[in-house]
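**Q** The structure under discussion is supplied below as structure tokens; questions concerning it will follow.
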Amino acid sequence: MENVVIIGSGPSAHTAAIYTARANLNPLLFEGMMAGGIAAGGQLTTTTEVGNFPGFPEGITGLELMLKMREQSLKYGARIQTSTVDKIDTSHKPFQVFSEGIATQTKTIIIATGAIAKRLRIKGEDNFWQRGISACAVCDGGLPIFRNKPLAVIGGGDTAIEEATYLTKFASKVYLIVRRDVLRASKVMQKKLEENPKIEILWHSNALEALGENSLEKLVVRNNKTNEEKTLEVRGLFYAIGHAPNTIFLDGQIDLDESGYIKTIPGTTQTNVKGVFACGDVQDKIYRQAITAAGSGCMAALEVERYLTEQK
């Protein structure tokens, strides 16, 4: 029987693996096989340059960063299994984790399965993903390719306004593309939008196609009220239309909020089931950064160690 099973392969999962391994808990980590349609390593593997993770002043690609984390997990004794967890059973102890029809018994579980940014799948999107199109302005907006260039953000909620406002630090202009004639954002955020001269709102609008040579250069937009189409000269397009947490496999075993994120006791990574912990983006819909995910992975590991000590 395992002391701890970690489900996931991003910064939170590997930080938890490193800490639990160094605590001699001999962790078993299921990194998944294209779980959620993304390679082991999570969303960072789709990010070209990471410039805001401490310790890499020259920047590092997301894939390189995750490979280094994986290497460090293995160095300290974590065992990694490349298969996807299909379900868990927390109805009795020891818990059971199922992957490819095989059950693994464990005293504790750390869920670190992350979340996937929602995409629109417009024409040309795949060609320019991470070459002008991104789902994280805070992660990518400061890159040199976007500086002093016109950019666009799609969305109408608080996140969209936050990202559009953030991008004005670097962009020459920011278009906010909204499919309706109203914003879902709070009044405070709307006021912030109105006060920023660099942001132009395109109401009743939908993005149709991304164009360019080696990177994004233009975006075709249609007014869904008049059907008029126009082409925007933009070098960056940022989706701010939400994320989908990877929690379907839990099948009611763990309490989730209305958006599908795992609920944790404030200030901890403890779920509603004693001995089951959650860290990273699967329980964080506010920050969603590699560094905050890693921090919560540390928290989960320390809480697992404390929990197991108390059970003796």
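**Q** Kindly establish whether residue 82 is within 19 Å of residue 13 (Cα to Cα) and touching a residue at least 60 places away in the same chain (Cβ under 8 Å).
**A** No, not satisfied.
**Q** Would you tally the residues in the range 274-312 being of a type in the set (S, T, N, Q), at pLDDT below 95 and surrounded by fewer than 16 Cβ atoms within 10 Å (Cβ to Cβ)?
**A** 1
**Q** Follow-up. For a quick check of your reading of the model, give me the residue pairs whose first member lies in the range 135-152 and is in contact (Cβ under 8 Å) with a residue 12 or more places away in the chain and at positive phi, whose second is in a loop (DSSP other than H, G, I, E, B) and crowded, with 22+ Cβ neighbours inside 10 Å, with beta-carbon atoms closer than 8 Å and at least 6 apart or on different chains.
**A** So the pair list comes out as 148/171.
**Q** Which ones in the range 179-204 are touching a residue at least 24 places away in the same chain (Cβ under 8 Å) and closer than 21 Å to residue 146 by Cβ?
**A** Result: 192, 193, 196, 198, 199, 200, 201, 202.
**Q** Can you spot a residue in the range 66-74 that is in contact (Cβ under 8 Å) with a residue 12 or more places away in the chain, more than 22 Å from residue 21 (Cβ to Cβ) and not basic (Lys, Arg)?
**A** no
**Q** Next question, about the same structure. Assuming residue 174 fulfils every condition listed in (1) surrounded by fewer than 23 Cβ atoms within 10 Å (Cβ to Cβ); (2) outside the structural domain of residue 305 (by TED's automatic domain parsing) apart from one, which condition is it?
**A** So the condition that residue 174 fails would be (1).
**Q** Go through 226, 231, 271 for me and flag whichever is surrounded by 14 or more Cβ atoms within 10 Å (Cβ to Cβ) and of a type in the set (Ser, Thr, Tyr).
**A** 271
**Q** A further question on this structure: Specify the residue that is farthest from residue 166 (Cα to Cα); the eligible residues are those in the range 208-261 that are without any contact (Cβ under 8 Å) to a residue 40 or more places away in the chain and under 23 Å from the mean Cα position of the chain (by Cα).
**A** Ranking the qualifying residues of the range 208-261, first place goes to 252.
**Q** Next question. Checking the conditions here, which among 254, 265 is of a type in the set (Val, Ile, Thr), crowded, with 20+ Cβ neighbours inside 10 Å and not in a strand (DSSP E or B)?
**A** 254
**Q** Then there's this: Looking at the range 242-251, is at least one residue acidic (Asp, Glu) and at negative phi?
**A** Among the residues of the range 242-251, not one is acidic (Asp, Glu) and at negative phi, which makes the answer no.
**Q** Another question, if that's okay. Take the residues of the range 124-136 that are outside any loop (DSSP other than H, G, I, E, B) and over 23 Å from residue 287 (Cβ atoms): which is farthest from the chain's Cα centre (by Cα)?
**A** Once the filter is applied, the top-ranked residue is 127.
**Q** Looking at (1) surrounded by 17 or more Cβ atoms within 10 Å (Cβ to Cβ); (2) among the charged types (D, E, K, R); (3) touching a helix residue (DSSP H, G or I) at 6+ places or on another chain (Cβ under 6 Å), find the lone condition where residue 107 falls short.
**A** Residue 107 satisfies all of (1) surrounded by 17 or more Cβ atoms within 10 Å (Cβ to Cβ); (2) among the charged types (D, E, K, R); (3) touching a helix residue (DSSP H, G or I) at 6+ places or on another chain (Cβ under 6 Å) except (3).
**Q** Mind counting the residues in the range 276-306 that are farther than 15 Å from residue 12 by Cα and in contact with a Leu (Cβ under 9 Å, 6 or more places away or on another chain)?
**A** The qualifying residues number 1.
**Q** Follow-up. In the set 272, 224, 214, which member is closer than 22 Å to residue 146 by Cα and not aliphatic (A, V, I, L, M)?
**A** Result of the check over 272, 224, 214: 214.
**Q** Under the condition of being of a type in the set (Asp, Glu) and within 26 Å of residue 288 (Cβ to Cβ), which residue from the range 50-107 is modelled with the highest pLDDT?
**A** Looking at residues that are of a type in the set (Asp, Glu) and within 26 Å of residue 288 (Cβ to Cβ), I get 71.
The values are calculated or read from the model by the stated rules, or taken from the named source; none is laboratory data. The structure presented is a predicted model; accordingly, all values stated were derived computationally and were not measured. Here Cβ is always computed from backbone atoms with ideal geometry, including for glycine, and neighbour counts include all displayed protein chains.
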